[in-house]
Amino acid sequence: MEVLFAFLLCIAITYFGYSAWKWKHREQMLRRIIQASPLPTFVIRKDHRVLYWNAAMEKLSHIKTEDVIGTDQQWRAFYREQRPCMADLIVDGAIDKAPRWYSEMPRKSRLVDEAIEAVVFIPEIGDRGKWFRFTASAIRDSRGEMFGAVETTEDVTEEKLADEELIRIRKQESLGAFAGGVAQDFDSLMSAVLRNIFLAKLSASDEDKMMEEGLATAEKAGLQAKELAHQLITFAKGGYAVRKLESVIPLLREAVECYRSRSDIQWNVSLPDTLWPVEMDSKQIRQVIENIVSNGLEAMPGGGTIDIGAECVTIGGKNVLTLKPGHYVKISIKDRGAGVRKEDLSRMFDPYFTTKTTGGRKGMGLGLSICYSILKHHDGTIAVESELGEGTTFSLFLPAEADPSPKAQSD
């Protein structure tokens, strides 16, 4: 019996020793796989303590592995204050509480049954914030019991911005088709109204001051209505462009001179003489530039600084601006005003969207939409970056001729 017991004990020691070696080997292999993943990844136990923190996660968060392993500080990678990550919600079985922490309810992954994912904007990361796709899944043992969760992070900022640009284009096209048709009919009707107002003014007696003032008021309103109709046509079709190959430098200098009367504004202008010429309708592009500069001045009622610069850039095949590959002149106009909330940036070029307070100058609400439309019909675009309290930068892109012919005008 003792011999049999000793024999069985030897078998058990050998078996469990092999199993321990096998488990250790598997753990090392798992660690290497997670470490080699190009996606930032971390694993937590059921007590929320970090078990794995790969190199990509370390690079994204700037938190060293040894500083986070064994702690419940994984939230520091993304947030300034302690709050649960998606993996934490999974181990707590609290996915239904996600709306408290995320702007959108996490959705189930199409690939893994117990995985959930959500696209979230994190303003604390990068200079202007970034969009991330978080994917988290429960980790279960051989008995099906949860002992932790894994979470991966994917930077989808470019994808998100490209999607927003496509949505904006489609929205502009849809609204433009409607607005263009209405505006043309409205313009024709107002022309008839103004003709009759003119005839009424001619036939009115000099003594009838009340009639004269009423007709003058009606004429002024009619002219404003025609201006709105022309703006709608520009919004819908980019206006009636007459393009020539010329330089944007005179337009930018004229815009600065136009507002030189503001003694409380400091102008920093950088316009290299080597800028490529642009095929454009100079009247329309001047309207765009003056509109952007005017917006910057309105954002600084107490004075400040406006930076205006231009440079030659080459855009590659795939870009978040959805521009065709080629050569462009990029115009940057930056103010030091109050700035715009990040959640409002995607709506800046929507018709009638405004961030101005009710006490500010009230315009027709189509300024930036028309700028966007004009540039799109020039095969260019406009982008905006802003930070609350830091100001706003508009970037205008216009297709350029990198090797202009002698006929190019450069004033």
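The values are calculated or read from the model by the stated rules, or taken from the named source; none is laboratory data. Keep in mind that this is a model prediction, so the values were computed, not measured. Neighbour counts are summed over all protein chains in view; Cβ atoms, including those assigned to glycine, are modelled from backbone coordinates with ideal geometry.
Answer yes if at least one residue in the range 333-343 is among the acidic types (Asp, Glu), surrounded by fewer than 19 Cβ atoms within 10 Å (Cβ to Cβ), touching a Cys at 6+ places or on another chain (Cβ under 7 Å) and modelled with pLDDT under 90, and no otherwise.
no
Report whether or not Ile167 is within 29 Å of the chain's Cα centre (by Cα), surrounded by 14 or more Cβ atoms within 10 Å (Cβ to Cβ), at pLDDT below 65 and outside the structural domain of Ala77 (by TED's automatic domain parsing).
The answer is no for Ile167.
So which pairs qualify, if the first residue must be in the range 32-61 and assigned by TED's automatic domain parsing to the domain that holds Asp92, the second must be in a loop (DSSP other than H, G, I, E, B) and aliphatic (A, V, I, L, M), the Cβ gap must be under 7 Å, and the two must be at least 6 apart or on different chains?
Sorted first by the residue in the range 32-61, then by its partner, the pairs are Val50/Ile69; Trp53/Ile69; Ala56/Leu39.
Against the condition polar (S, T, N, Q), at pLDDT below 90, under 23 Å from Cys371 (Cα atoms) and surrounded by 15 or more Cβ atoms within 10 Å (Cβ to Cβ), how does Ser247 come out, does it pass?
For Ser247, the condition - polar (S, T, N, Q), at pLDDT below 90, under 23 Å from Cys371 (Cα atoms) and surrounded by 15 or more Cβ atoms within 10 Å (Cβ to Cβ) - is not met.
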